[in-house]
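These notes are about the structure you will find just below.
Every number in this text was worked out from the coordinates using simple rules, so none of it is lab data. These figures come from a predicted structure and were not determined experimentally. Positions of Cβ are generated from backbone atoms using ideal geometry, with glycine treated the same way; all protein chains shown enter the neighbour counts.
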Amino acid sequence: MTGQELLDSLGKLFGPKIQHRIEFRGETTYTISPGDLREVAKFCRDELSFDYLIDITSIDNFGEEPRFEIVYELYSMTLAVHLRLKLRLSEEIGAVNTVSDIWPTANWHEREIYDMMGIKFSGHPDLRRILMWDGYPFFPLRKEFPLEGLPSEMPDVAFTKSAPLEGGPFVTQPSTATAKDREPRARPPEL
Amino acid sequence: MPESRTAAYDSKIEGNVIFTRFDAALNWVRKNSLWPMPMGLACCAIELMATAASRFDIARFGAEVMRFSPRQCDVMIVAGTVTYKMALAVKRIYEQMPEPKWVIAMGACASTGGMYRSYAVLQGIDQLLPVDVYISGCPPRPEALLAGLMKLQEKISRERSFLNQKPELVKKVGEALA
């Protein structure tokens, strides 16, 4: 079975469950609903030989509904095929099923997403923060969290303060203008 | 602050006797045997290791004895990014070092937070510890660390060690002489 046939067979079997499919420069992205995640993931691993979960990432589309997006990057070692699964998640639900029993590597990826974005993974065996300390009150990669941070205090564990931004953040302006216009300057966010 | 002076010593005239100030002798002993606490937290630690290795050889300045127990250290070299998660641990290690003790903030991150204007990084270790020498660079070259170490040696040689660290003894001696 070639990679394309593989992906087509997934498309056929889960046709109604795939809400959206994108082919871009040879990369296939399927959007599924959060409820179907475990079923699709198991099928991908057992039937389609996607034995390697490369990464899980999360996106905060602040101001949109549903707010969060979780992206699973799958790879088949035997067939050398990539597949990207996406699902969208509203803030009210705020939890998605774990895949850490399907791909053990998901354990720490899911902990990192929980730590940085505050999305919970139901069924995860050990859902603790992985980078910040237990008891840190914020989720730093959410869009409403300021770049300079917020003050917090946990006696004998850790504290945080706001960093002085000195006119920053210093952002490159993406455009076709000259390097002088594009270079990093203090561009406070228009809020 | 008294100035540092090199001892004028002529063995033909003075034999085996040297006259000097107590502070000068004490400081001379201290500054030439600084045992560092290698607080390596990021890439600066690589340069710190290079400084200790054969090409740069921090042993030439008497500071080659890197101790991984704070109880045997004189100078803490904070080499790298101090995250808030690590900050209180660094402070605790510093507090376990015996007096007298000094701190070198090596590199931009340890000095000011460096390029990390971030929620996760302490903006300079001087917010928690009294820093004696700041070294610029990202990371500083080993020569810069050696220059910083020599600055610290200069600073130590100017200290009024006895007066600062044994005030009660100074008072007693003063009373006995009076």
log10 I(q)/I(0), Debye, Cα-only the protein assembly as shown, no solvent, q = 0.07, 0.11 Å⁻¹? -0.52, -0.95
Per 10 Å bin, what percent of the C-alpha pairs of segment A:6-118 does each bin hold, from zero upward? 13, 50, 32, 5, 0
Within the protein assembly as shown: Cβ-based charge dipole about Cα centre, in debye rounded to nearest 20 (Lys, Arg +1; Asp, Glu -1): 1240 debye
Taking the Cβ of each residue in A:100, B:54 as the centre, tally the other Cβ atoms inside 10 Å and list the residues starting with the fewest. B:54, A:100
Angle between the Cα long axis of helix A:106-117 and the longest principal axis of chain A, 0 to 90 degrees, nearest 10? 40 degrees
Looking at the protein assembly as shown, what % of its DSSP beta bridges pair antiparallel, to the nearest 5? 60 percent
Under the definition of Cα pairs under 8 Å and six or more residues apart, what whole-number percent is the relative contact order of chain B? 24 percent
Sequence-distant or interchain residues sharing an amide H contact under 5 Å with residue A:101, placed H: which? none
What's the longest uninterrupted piece of chain A once you rule out the GluC sites (Glu not before Pro) that are loop residues per DSSP with at most 12 other Cβ within 10 Å? A:93-143
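Quick one: length gained pulling residue A:162 to residue A:57 fully straight, 0.36 nm per residue minus the C-alpha distance?
35.2 nm
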I'd like the distance separating the alpha-carbon centroids of segment A:50-123 and segment B:68-143, in whole Å. 37 Å
Ranked by Cβ crowding within 10 angstrom, fewest neighbours first, how are B:13, A:93 ordered? B:13, A:93
The residues B:109, B:43, sorted from fewest to most surrounding Cβ atoms within 10 Å, come out as B:43, B:109
Could you sort out which of A:143/B:91; B:101/B:151; A:12/A:86; A:86/B:85 sit more than 21 Å apart by Cα distance in this structure? A:143/B:91; A:86/B:85
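Residues of B:116-127, mean number of Cβ from any other protein chain within 10 Å of their own Cβ, rounded to a whole number?
Partner Cβ neighbours, averaged per residue: 5.
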